[in-house]
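Chemist: The structure that follows is given in the form of structure tokens.
The values are calculated or read from the model by the stated rules, or taken from the named source; none is laboratory data. Here the structure is a predicted model, which is why all the values come from computation and not from measurement. Methodologically, a virtual Cβ is constructed for each residue, glycine included, from the backbone with ideal geometry; neighbour enumeration extends over all protein chains shown. What goes into the accessible areas is simple: the full protein's heavy atoms, side chains included, and nothing from ligands, DNA or RNA. Shrake-Rupley method; radii C 1.70, N 1.55, O 1.52, S 1.80 Å.
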Amino acid sequence: HEHVSRYIGEPPWRPTYTGRLFRICETVAKMTARDGNTTKTKAEDAASLDHLASIKIALDAHAIVAVTDTTGKITYVNDKFCKISGYRRGELLGANHRILASGHHPKSFFAKMFKTIAKGRSWHGEIKNQAKNGSFYWVDTTITPFLDASGKVTQYIAVRSDITSRKQVKEELRAHRDKLQELVRAATQALQSKTVALEEALAKEKRMSELQRQFISMASHEFRTPLAIIDATAQRLQRRAAKNRLSPDDAILRVDKIRSAVQRMTRLMESTLSLARSEDGEIKLDIGPCDIGAVLREVCALQQELSPGHTIICDVAALPDTLQADGGALEQVFTNLVSNAVKYAPDAREIQVSARGEDHDAVISVTDQGIGIDPDELGRIGERYFRARTSLGIEGTGIGLSLVRHLVERHGGTVVVQSAIGKGSTFTVRIPMQIPKTQNRPKRGDARRAA
């Protein structure tokens, strides 16, 4: 042991150096075994020691070497060990390797290492240590147990190589790889988002093209009728005026027809523009206290005046006095529903409008005994430009109910349709009584004017 600690310390336990260390130990053992034997000359002993010293110098220049006893106490360190750890030799001798612990490795890491070398087997691995100044460094480590003649472990020799630079390069490469992967991932997500946005835009464009086609088809039909009425009536006025056969009553009657046709065209254009504004978000609800009962009574009274052949029953006594809503928008909603009830019930003269408060909602129903709607078409009621098969031959655009649904949903409400062919329809609107006010309140009546 004296010769080993003096001349060789710890040779590094790589394959290149293992054989050298064994040869050194064999030489020391032979020298110890022949103490007192005068058959060998002092020159031979000196040569052997010089050989050992040369090997030790070579190993110390290459490796970080330490020797510990079976309890883990450090009994030898070379200069390279002191330099990399920052500790003086006196601070290390007698200490445990835990003095270098960095906290990086779990307890199981060292437990497995100690279990291996305690059985007399060598252990190899990479360890992260902490120097005296707090900095960290990595070492590639081989620990080899030394056994006595009986196979019992007497000490451990640890040979280490500084691999801090290599680990740093590896860590930098990993960081660059992670950054590159993140950039690729972000670029992929951005590309996917753009792809989705383009697909949605394309789908919207297709829908708009289809809606435009439907509108052109519908408008060409709907406009043709009132224009024909206007033209024919104007021609009659012109002929009768030319022959001086135009009485005041006849003039009033024909002017009324012209005005009716113009109003029909105006309603068509206004409904189309109103729906377009609402879907583009240009109509801002003006939420405030609203007497929904008064709105319903006004709508029913106006429609009764326009449709004297029908009886419109308005029962709103069960409604609360006020709720938070846009009165102009709701007037548009119920004007469409009541006028539709009249239009699609030409032979059933009674229209029922009833309203009540239920939980935290106002519930308003408009019921007619008209032509009804096919059950398989109920789900499409409220689609833009959609008209039921039963409406064939009755003027309309399919815009009004789409606007109704949009304005009710903007209030946080719902529209439910119940109908049967030949038995009529019931449209039920449910609107919350309390709706948060919008941040950007337009002037009161914007929704009314847009409608």
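Chemist: I'd like the carbon and sulfur percentage of the solvent accessible area for region 62-171, probe radius 1.4 Å, heavy atoms only, ligands and nucleic acids excluded.
Modeler: On the way: 3250 of 6050 Å².
That share works out to 54 percent.
Chemist: How high is the FRET efficiency between ASP321 and LEU191 when r is their beta carbon distance and R₀ equals 60 Å, given to the nearest 0.05? Intermediate values should be presented prior to the final figure.
Modeler: Numbers: r = 56 Å, r/R0 = 0.94.
Once the sixth-power term is evaluated, E becomes 0.60.
Chemist: Mind grabbing the base-10 log of I(q)/I(0) for region 66-139 at q = 0.19 Å⁻¹? Debye formula, identical points on the C-alpha positions, no solvent, two decimal places.
Modeler: Log10 I(q)/I(0), no solvent term: -0.86.
Chemist: Go through region 58-75 residue by residue and turn each phi into a ³J(HN,Hα) via Karplus (6.51, -1.76, 1.60, θ = phi - 60°); whole Hz please, and just put x for glycine and proline.
Modeler: Residue by residue, region 58-75 yields 5, 5, 4, 5, 9, 10, 9, 10, 8, 10, 10, 7, 5, 8, x, 7, 6, 10 Hz.
Chemist: Mind ordering 407-414, 98-105 by average Cβ neighbours within 10 Å, highest first?
Modeler: On the way: 407-414: 18.9, 98-105: 13.6.
Packing proxy ranking, top to bottom: 407-414, 98-105.
Chemist: Give me the dipole magnitude in Debye, nearest 20, for region 151-193 about the Cα centre, with unit charges on the beta carbon: positive for Lys and Arg, negative for Asp and Glu. Before the final figure, lay out the partial values.
Modeler: Numbers: 9 positive and 5 negative charges, 47 e Å.
For this selection, approximately 220 debye.
Chemist: Length gain on complete extension for the stretch ALA234 to LEU302, per 0.36 nm per residue less the alpha carbon to alpha carbon distance? The partial results should precede the final answer.
Modeler: On the way: separation 68, 0.36 × 68 = 24.48 nm, distance 2.86 nm.
That works out to 21.6 nm of additional length.
Chemist: Another question, then. Given a Förster distance of 35 Å, report the FRET efficiency between ILE313 and ALA251 from their Cβ-Cβ distance, rounded to the nearest 0.05.
Modeler: On the way: r = 37 Å, r/R0 = 1.06.
Result of the calculation: an efficiency of 0.40.
Chemist: Under 17 Å from the 7 Å Cα→Cβ point of ASN133, by amide nitrogen: which residues of region 59-84?
Modeler: 80-84
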